[in-house]
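**Student:** Have a look at this one before I ask anything.
Only the coordinates and a few stated rules stand behind these numbers; no lab work does. Small disclaimer: the values here were computed from a predicted structure and weren't measured. All Cβ positions, even for glycine, are placed from backbone atoms using ideal geometry, and neighbour counts span all protein chains on display.
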Amino acid sequence: MKNTMKKLFCLALVLTFLAAACMPATLSGCQADAAREPRSQEKFTGLWHSMNMVAAGFAERYAFYEDGTFIYGSSQMDALERELYKTGTWSVADGELRLTIEARLTLEGGQVEEFDGEQYIDGAEVRERLCSPPESEIYKIAITGPDDETDRETISIDGVTYYRFDNQTDLMDGYYELKGIE
């Protein structure tokens, strides 16, 4: 019985020593994961368009900037969309895109008209609405690899595929024009 107790005590000491020796490695591993998170965000930085080409106008699009700010533009082909742009800050963590909306550019007033079978909003004014307090939106986000047809990098935001369009430098020109920024 005495030998069994000694063996159990020695085993407990060895296990305690091993656990203590492994703990710094485990903690540094957690720190490395946390340090890697900002670098994973870099993969999303850039201009993203929800169609793999540009046709008669831009589809839904995001500009994720390195400084943590973003601009979202709604589809220019949806003539009944009242929200044109939203801006604020962005981050990616745990497979989620987290947007903090600070301002929205919207169409206010006007009326729905029809021309050649297509409806559109006529006579509306563009207004900037500051969000106070800022509004939060969270979406699932993932890197989905290159597109088979265009070889463009793609990401998925809430199941919608967005294509990297960093070469399309005028993707957000409409926003800057409405804001009077050159």
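**Student:** Can you run phi through the Karplus equation (6.51, -1.76, 1.60; θ = phi - 60°) for the stretch 103-118 and list ³J(HN,Hα) in whole Hz, with x for Gly and Pro?
**Tutor:** 7, 10, 9, 10, 8, 10, x, x, 9, 7, 10, 9, 9, 6, x, 10
**Student:** Turning to a different aspect of this structure: In whole Hz, what ³J(HN,Hα) sequence does the stretch 63-76 give by Karplus (6.51, -1.76, 1.60; θ = phi - 60°), x for Gly and Pro?
**Tutor:** Calculated HN-Hα couplings, in order: 10, 9, 9, 4, 7, x, 9, 8, 10, 10, x, 6, 5, 6 Hz.
**Student:** Under a 5 Å amide H to amide H cut-off, with H placed in plane at 1.01 Å, what residues pair with Thr144 once short-range neighbours are removed?
**Tutor:** Thr154, Ile155, Ser156
**Student:** How far apart, in nm, are the 7 Å Cα→Cβ label points at Thr161 and Phe115?
**Tutor:** In this crude spin-label approximation the distance works out to 3.4 nm.
**Student:** If I model a spin label at Glu135 and Asp151 as a point 7 Å from the Cα along the Cα→Cβ vector, what separation in nanometres do I get?
**Tutor:** About 4.1 nm, to one decimal.
**Student:** What translational D, rounded to a whole number of µm²/s, comes out for the stretch 63-182 from Stokes-Einstein when the hydrodynamic radius is the Kirkwood one over Cα pairs, at 4 °C and 1.567 mPa s?
**Tutor:** 80
**Student:** Could you give each residue of the stretch 156-170 its phi-based ³J(HN,Hα) in whole Hz, using Karplus coefficients 6.51, -1.76, 1.60 with θ = phi - 60°, and x for Gly or Pro?
**Tutor:** 10, 10, 6, x, 9, 7, 10, 10, 5, 10, 4, 7, 9, 5, 8
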